[in-house]
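Visitor: Handing you this structure, nothing more for now.
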Amino acid sequence: MITEIVPTDPTRPDPGAIARAADLLRAGRLVAFPTETVYGLGADALDPAAVRGIFEAKGRPGTNPVIVHVADPRQAGAVAAAWPEAAARLADRFWPGPLTLVVPRGPAVPDEVTAGGPTVAVRCPAHQVARELIRAAGRPVAAPSANRSTELSPTRAEHVLKSLGGRIDLILDGGPCPGGIESTVVDVTGPAVRLLRPGPVTVPMVEWVVGRVEVGPAAGGVARSPGQMAKHYSPRTPVVLAYSQEEADRLLDQFLNSGLLPLSLNFRGPALCGGVPESLKLGLDSSPEKAAADLYAWLHAFDDGKADRIVVEMPPDTPEWAAVRDRLTRSAAS
Ligand code: AMP
Ligand code: MG
């Protein structure tokens, strides 16, 4: 299969590009498209064969449910069996945007989407290309991140092409994703509102709207979240975490002394700093939003096969950095 790449303006989507991609979705084919978080790999969420195509292209285990994307809150009614009060309040405050709600599954949703489970994850993305594509397709669109399973998520069309080229029909290239990190996932099906995956919408932001939020899957509960698999979001180059600048420097020295080439990432500022010979120390922006926007692009760039290790100095353990810390921890798991 040849993967077609169709460029479009991110804020004023090209109608021809949207129509072409929507036709493919309606025909049960696979289309990658930009969202405000990362690029998604879309298929008609109500067509079981089309959704199976996503799993084949990604090499994703069938036990991992996928997020359904809707063009507006009204369309969530096509996939949800009920809309709990907490869902209504959170959607009202954060949609369109990077918040996924896990709600009771409606009868139209195939098993492939939910991994056979009784819940479905729904999100209304804010990116204009995503919204117009879903609207033009006229149906909800199942879309996990557009990468091979366990790999880094794509934040640029070229990342999608590198990972899934030849396996999918089309990539809508709307430029870099502004957010750069996957959506927050919140389960509203239980007695307590539960954060299943940290993301751009932080715990304090969710608590502001619905009060106390539990963090992590319920003990012995059914709510699984594939993004919570230990190894996920991983470059091929091993990632080593440091919890202070001193530890990062010590690790860099240690790798250099044993003949390994380390690259190093920190969150202390936008400047490129020298210091360690033959290695690159990169300081990402010290604001969590800006650092998240660039994080995967840098990890993709670092993962070009030249370096032996990626040393990451972790950002502070605060709610605003929780999503970045979560992805880094998983990227380092082996
Ligand atoms: P990704 O493949 O990166 O788009 O990740 C998909 C995400 O969907 C996972 O991390 C889960 O958190 C979430 N998800 C999808 N469906 C469900 C569900 N029914 N229950 C819990 N989490 C879900
Ligand atoms: Mg993913």
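The values are calculated or read from the model by the stated rules, or taken from the named source; none is laboratory data. What you are looking at is a predicted structure, and each value in this text was computed from that prediction instead of being measured. All Cβ positions, even for glycine, are placed from backbone atoms using ideal geometry, and neighbour counts span all protein chains on display. Calculation scope for accessible area: heavy atoms of the full protein, side chains included, ligands and nucleic acids excluded. Shrake-Rupley method; radii C 1.70, N 1.55, O 1.52, S 1.80 Å.
Visitor: Evaluate region 112-133: report whether one residue or more is among the small types (Gly, Ala, Ser) and crowded, with 22+ Cβ neighbours inside 10 Å.
Guide: Yes, region 112-133 contains a residue that is among the small types (Gly, Ala, Ser) and crowded, with 22+ Cβ neighbours inside 10 Å.
Visitor: Also: Is there a residue in region 97-105 that is in contact (Cβ under 8 Å) with a residue 60 or more places away in the chain and open to solvent by 50 Å² or more (accessible area, probe 1.4 Å)?
Guide: No, there is no match, as no residue in region 97-105 is in contact (Cβ under 8 Å) with a residue 60 or more places away in the chain and open to solvent by 50 Å² or more (accessible area, probe 1.4 Å).
Visitor: Of the conditions (1) over 14 Å from Ala32 (Cβ atoms); (2) open to solvent by 10 Å² or more (accessible area, probe 1.4 Å), Asp173 clears all except one; give me its number.
Guide: Unmet condition: (1).
Visitor: Restricting the search to region 14-41, which residues are assigned to a loop (DSSP other than H, G, I, E, B), surrounded by fewer than 24 Cβ atoms within 10 Å (Cβ to Cβ) and touching a residue at least 12 places away in the same chain (Cβ under 8 Å)?
Guide: Gly28, Arg29, Glu36
Visitor: Same structure again: List the helices (runs of 4 or more DSSP H) that sit entirely inside region 44-145 and contain at least 3 residues that are away from ligand 2 (no atom under 16 Å from the Cβ) and within 18 Å of the chain's Cα centre (by Cα).
Guide: The qualifying helices (runs of 4 or more DSSP H) are 128-137.
Each row is one residue, and each column tells you yes or no for (1) modelled with pLDDT under 95; (2) open to solvent by 20 Å² or more (accessible area, probe 1.4 Å); (3) farther than 30 Å from Val186 by Cβ; (4) of a type in the set (Lys, Arg).
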{"position": "Pro235", "(1), (2), (3), (4)": "yes, no, no, no"}
{"position": "Asp249", "(1), (2), (3), (4)": "yes, yes, yes, no"}
{"position": "Leu256", "(1), (2), (3), (4)": "yes, yes, yes, no"}
{"position": "Pro270", "(1), (2), (3), (4)": "yes, yes, yes, no"}
{"position": "Asp294", "(1), (2), (3), (4)": "yes, yes, no, no"}
{"position": "Asp304", "(1), (2), (3), (4)": "yes, yes, yes, no"}
{"position": "Ala307", "(1), (2), (3), (4)": "yes, no, yes, no"}
{"position": "Pro319", "(1), (2), (3), (4)": "no, yes, no, no"}
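Visitor: Considering only residues that are within 16 Å of ligand 1 (Cβ to nearest atom), touching a residue at least 40 places away in the same chain (Cβ under 8 Å) and surrounded by 20 or more Cβ atoms within 10 Å (Cβ to Cβ), which ones fall in region 157-170?
Guide: Listed by number, the residues that qualify are His159, Val160, Leu164, Ile168.
Visitor: Yes or no: Val102 over 19 Å from Leu41 (Cβ atoms) and among the β-branched types (Val, Ile, Thr)?
Guide: yes
Visitor: Related question: Go through Ala108, Ala88 for me and flag whichever is in contact (Cβ under 8 Å) with a residue 40 or more places away in the chain, farther than 30 Å from Ser163 by Cα and surrounded by fewer than 23 Cβ atoms within 10 Å (Cβ to Cβ).
Guide: Of the residues listed, the single one that is in contact (Cβ under 8 Å) with a residue 40 or more places away in the chain, farther than 30 Å from Ser163 by Cα and surrounded by fewer than 23 Cβ atoms within 10 Å (Cβ to Cβ) is Ala108.
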